[in-house]
Amino acid sequence: MHRNDLVEGDSVQQLQADFSDPRCAQPVDFAEHGAPNQVVNILEERGFAVVTMAEPGPPDAKLTALAQTLRLGDPYIPALYRYAETQDYSAAFSDIRSDTKDQHPGFSTTAGQAWHVDGLLDAIGDIRTTVLYCVRAAHRGGETLLFNSLAAFAELRERDSAAAEALLSPRALNRRSTLPAIDMSNTGPVFSVDEAGTLATRYTDNDTCTWNFSAGPPGGLRRALAFFRKASDNPRYRLAVRLAAGEALIFRNDRLSHGRRPYEDSPGARRHLIRALYAEVPSCRPSRLSARH
Ligand SMILES: [Fe+2]
């Protein structure tokens, strides 16, 4: 990796975002004229947007309409869920709610979730968009946590380029499945820069991770990890979003890391989110089909 390549990503607006700005989590009413354009712009500025989809209707239909309007294409099934043993999780829309009969370590518990990107077996940048639609909020807690790991990487690059370089090593981070009886893992970089200078993140710091501290310049990865653990507490880079029923959080899974606060359910009224993943980025450009006359 040449140093010049590393500077190209500075054109990404999200590197300048300040998550401590209270306007960040203000929802956009998706029914309003111009809302899709606004959402696309906000996603470019911050990496995420909250939208209100208050009109009645089944959640799946709302998610489908949202994906169509934002030209996200069909939902993406993560590599981990393409096996016979994991087919229970391979639906286009995943229900996320507590379920003592289910063994999924993230979907079916009320525990908190540490920083991660979705798609632990998928290559960096493959799953570019995550949508979380809230059917019912938790009785207490359950906020989705967002970390602008891309901006933290840009800061580290300025402060300690050797540490940043270690994060670009294709040997830096192994993530393995924590699903019972599914012994699969994937090794790759924590950040990447493509030919166009576009940055992508795979920054994760949870129980799926094995760090290879021999990757990159000596000591670099340890310093990088220490920097990220501090940066993820910085209000400029991190934000907690509590979704209300009928709201959806759309975020760039290739540019942000995310997590969850633990939560408590009311009896008979479990917190219920629906998750959909996409390989595409939200856009409002007319498709080739509709541009044809
Ligand atoms: Fe997730």
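Among Glu55, Glu45, rank each residue by its count of other Cβ atoms within 10 Å, from fewest to most, as a rough exposure measure.
Least to most surrounded, the residues fall as Glu55, Glu45.
Can you compute 3J(HN,Hα) from phi for each residue in segment 20-31, using the Karplus curve 6.51 cos²θ - 1.76 cosθ + 1.60 with θ = phi - 60°, rounded to whole Hz and x for Gly and Pro?
Here the 3J(HN,Hα) series is 7, 5, x, 6, 4, 9, 5, x, 9, 6, 5, 7 Hz.
How do Lys101, Lys62 rank when sorted from fewest to most other Cβ atoms within 10 Å of their own Cβ?
Placing the least packed residue first, the sequence is Lys101, Lys62.
Please give the net charge around Asn206, taking every other residue with its beta carbon less than 13 angstrom from that of Asn206, where Lys and Arg add +1 and Asp and Glu add -1.
+2
Using the 2.2 N^0.38 Å rule of thumb for compact globular proteins, work out how segment 120-164 stacks up: its C-alpha Rg over that value, please.
The value comes to 1.71.
Grab the DSSP H runs of the chain that are 4 residues or longer, score each as -39,500 (n - 2.57), total them, divide by all residues and round the 222 nm result to the nearest 500 deg cm²/dmol.
Taking each H run of at least 4 residues, the total per residue is -6000 deg cm²/dmol.
Expressed in nm to one decimal, what extension gain is obtained for the pair Ala31 and Arg140 from 0.36 nm per residue of sequence separation less their Cα-Cα distance?
Full extension of this stretch gives 36.4 nm more.
Give the share of C-alpha pairs in each 10 angstrom bin for the chain, from 0 to the last occupied bin, in whole percents, shortest bins first.
P(r) for the chain, in whole percents per bin: 6, 28, 36, 23, 6, 1.
Among Ser257, Ser266, Ser108, determine the one that fluctuates most according to a GNM of the chain built with springs between C-alpha atoms less than 10 Å apart.
In this elastic network of the chain, the residue with the biggest mean-square fluctuation among Ser257, Ser266, Ser108 is Ser266.
In nm, to one decimal, how far is the modelled label at Gln87 from the one at Asn206, with both set 7 Å along Cα→Cβ?
In this crude label model, Gln87 to Asn206 measures out at 2.6 nm.
Would you calculate the separation in nanometres between label points at Thr110 and Asn234, each defined as 7 Å from the Cα along the Cα-to-beta-carbon direction?
Using points 7 Å along Cα→Cβ, the separation is 3.5 nm.
Ala245 to Glu55: extension gain in nm, 0.36 nm per residue of separation minus the Cα-Cα distance?
Here the answer is 67.3 nm.
Sorted from largest down, give the three principal axis spans of the alpha carbons of segment 74-154, whole angstrom values.
Computed over segment 74-154, the largest-to-smallest principal extents equal 42, 35, 21 Å.
Quick note: the coordinates plus some simple rules give every number you see, no bench work behind them. This one's a predicted model, so the numbers in the text were calculated from it and none came from an experiment. Here Cβ is always computed from backbone atoms with ideal geometry, including for glycine, and neighbour counts include all displayed protein chains.
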